[in-house]
Amino acid sequence: MYKKFLKRCLDLLLSLLVLTLLSPVFLVMILLGAILMGGNPFYTQARPGKNGEIFRLIKFRSMTTRKDAEGKLLPDAQRVTGYGRFIRAASLDELPEFLNIFIGDMAFIGPRPLLEEYLPY
C-alpha cells in the first residue's frame, strides 16, 4: 500500500509544498540564470527512471555552452561561471528536480537516477 499509493501522495504533496515555499527563490534563479547564462537557465539530461524508462532530469544551468574554433565544447573548468560555482556549492542547481518529483519522474525516497551510460553496470 505504501509503495503504490502513499509514497506517491507524499512525493506530490511535499514537492508541491517545497515548490510553493521556494517559488520566490525559484523565480530569482530563473531570472539570474537567463541573464548570466545568456538564455535558457535550465539544463536537462536524459536519465533512466523506474523500469529503465528515460526521463529528462531538470537542473539550473551552471556552465556556459561556449565552444572552441572546431565547434567542440570547451572543458568544464573553462565553462563553469562564478554564478555556477555558487549555485553548485549551495545546491541551488538541484531546485528544479522538485518539478521532476512533482511530475512523478523521481521520488524523495529511492535511488538517485544514474546516467544512461551506467545502465549496463
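The values are calculated or read from the model by the stated rules, or taken from the named source; none is laboratory data. Since this is a predicted model, take the numbers as computed values, not measurements. All Cβ positions, even for glycine, are placed from backbone atoms using ideal geometry, and neighbour counts span all protein chains on display. The area values use the complete protein model at the heavy-atom level, side chains included, leaving out ligands, DNA and RNA. Shrake-Rupley method; radii C 1.70, N 1.55, O 1.52, S 1.80 Å.
Restricting to segment 1-24, name every residue that is within 24 Å of Tyr83 (Cβ to Cβ), open to solvent by 60 Å² or more (accessible area, probe 1.4 Å) and assigned to a helix (DSSP H, G or I).
The first filter runs over segment 1-24 and keeps only residues within 24 Å of Tyr83 (Cβ to Cβ), leaving 18-19, 21-24.
This time we only want the ones that are open to solvent by 60 Å² or more (accessible area, probe 1.4 Å), so: 21-22, 24.
Correct list: Leu21, Pro24.
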Total residues in segment 35-54, condition open to solvent by less than 60 Å² (accessible area, probe 1.4 Å) and either part of a helix (DSSP H, G or I) or farther than 24 Å from Glu116 by Cβ (or both): 3
query: In segment 55-105, what residues are more than 13 Å from Met29 (Cβ to Cβ), open to solvent by 70 Å² or more (accessible area, probe 1.4 Å) and either basic (Lys, Arg) or at pLDDT 90 or above (or both)?
result: Arg56, Arg66, Lys67, Lys72, Arg85, Ala89, Phe102, Ile103
